[in-house]
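Below is one structure, written out as structure tokens; the observations come after it.
Readers should treat all values here as calculations from the given coordinates under stated rules, not as data from a laboratory. Quick caveat, the model's predicted, so the values are computed rather than measured. As a convention, Cβ positions derive from the backbone with ideal geometry for all residues, glycine included, and neighbour counts pool all protein chains shown.
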Ligand code: G4P
């Protein structure tokens, strides 16, 4: 197959949701359709079980699963689909944000009864900011839930999306009769018992036909007609171009557990979802069909085997072909590296591959060369943009608890930060190290892994910080900036890239500081233009 054809047949996406909305179940059903797995239950949930936050076995279990489910690839109707795993737990939100830099589109799963939840809001906001095309899947229609129109309203208001339903439920919960597929103009009746089978669809070319009444009953048929009329009146017509630009989000309804509405979703997905997209680097926009290979690291996973401190760096291929045993330029280190056993990922296994294409993810064995955001090319100096750090929510001093193991501790901290487990800040005035995380769970992970993988012990000390703000000024020589540096000396730190960060102890302090120093900008993320 030609290079261009290989690119055009790839769809790389992520499924995002609040925990429990049904992401794992949907992923599994998609894999079943692709024939990548044979039975339900083969995909393990990567979520941290409730109440298990201090159980290290649970963390290890989660970590083990998360490498196995990092990328799930399968073929469906000649399309190569790569699903990138996104942890739903809020303490691992950074991981998800980074993964979102490697997807070309997303599917958002929403629980019909719970509606839009907190994690969904945050993740969708990131996708919206980047104009990532999104499809919404409203799940668990076999249960009582919110009215479809209310839900669509909620999605529009809370998520700031412009939706258009491409399917519509007939009843819900106990009275759930099936789904009318607006996209294909057919009806899929819900039988409940067919968890593993693909339901047959019945073509309904004319909604006014008596056939509809016979299939679902007079009243539900009339309700459906009225509702579809409303849909047509209220919502914009689906337009692929608007969807691809991130300006319009199609909505599907279904029940992942019952394998219902999933085929419709998948069939529409492969038709409309974007093929690998061009990506901005600091230097220029890079097109996927350029001949020269380039890609970037969006995730690093420490090897589960403590005897081999090897790591796996996940690289998204942006352009060209990635070939085994070929020297590529590691741009940050300005040195060439060769990879003898790049891994490709399939539903239940990983395999060494000779050649991969734009849209694909390869896992490269790494002994500490990579950190998140690194770019690999065939020789050109490119730096891919778009892997920002967000201000952490929690801050603690990290102290060495075993003076004999200082070296191990610093190496461990260094590598864990490269993996993106948390962020490290070094205070300007006394050099003390501060670890910032999204959730408290991360501190336990770090402590545990430092001890088990690096033989180092640490303790933490609380630090009263509300937000870390990246500081920017156009004039570092101004009196105002000098005054800021002097007055706020005790609250200034450097991140790992040596960027200046202001650790504000409260929202109030931040506002006052901003008022006092109007020429300085305080950013909540490390990446700004
Ligand atoms: P997540 O990855 O988004 O966290 O959600 P997951 O797929 O694990 O689903 C969360 C729970 O919701 C699971 O039940 C799952 O079986 C259920 N579920 C998913 N889709 C549907 C659906 O369409 N209808 C109904 N009724 N339930 C659905 P659980 O009891 O928490 O877990 P399990 O013991 O069944 O694994």
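List of remarks:
- Potential lengthening between residue 129 and residue 335 on full extension [0.36 nm per residue; Cα-Cα distance subtracted]: 70.8 nm
- Sorted largest first, extent of the chain alpha carbons per principal axis (Å): 80, 55, 45
- Between 0 and 90 degrees, the angle of helix 218-234 with respect to the longest Cα principal axis of the chain falls at about 50 degrees.
- Label-to-label distance, nm, for residues given as residue 234 and residue 489 (7 Å Cα→Cβ offset): 6.1
- The protection proxy used here, the mean number of other Cβ atoms lying within 10 Å of each residue, ranks peptides 439-445, 419-425, 12-18, 72-78 as follows, highest first: 12-18, 419-425, 439-445, 72-78.
- Taking the longest Cα principal axis of the chain as reference, the axis of helix 148-159 is set at about 20 degrees.
- Simple spin-label estimate for residue 5 and residue 464 in nanometres, 7 Å along Cα-Cβ: 6.7
- Packing-based ranking, highest mean first, of 291-297, 185-191, 135-141 given that Cβ atoms within 10 Å are counted: 135-141, 291-297, 185-191
- The chain: calculated mean residue ellipticity at 222 nm from DSSP helix runs of at least 4, using -39500 (n - 2.57): -8500 deg cm²/dmol
- Fully extending the segment from residue 184 to residue 402, taken as 0.36 nm per residue of separation minus the present Cα-Cα distance, adds 72.0 nm.
- Rounded tilt (10° steps) of 23-33 against the dominant C-alpha axis of the chain: 60
- Here the spin labels are modelled as points 7 Å beyond Cα on the Cα-Cβ line, and at residue 162 and residue 241 they lie 1.3 nm apart.
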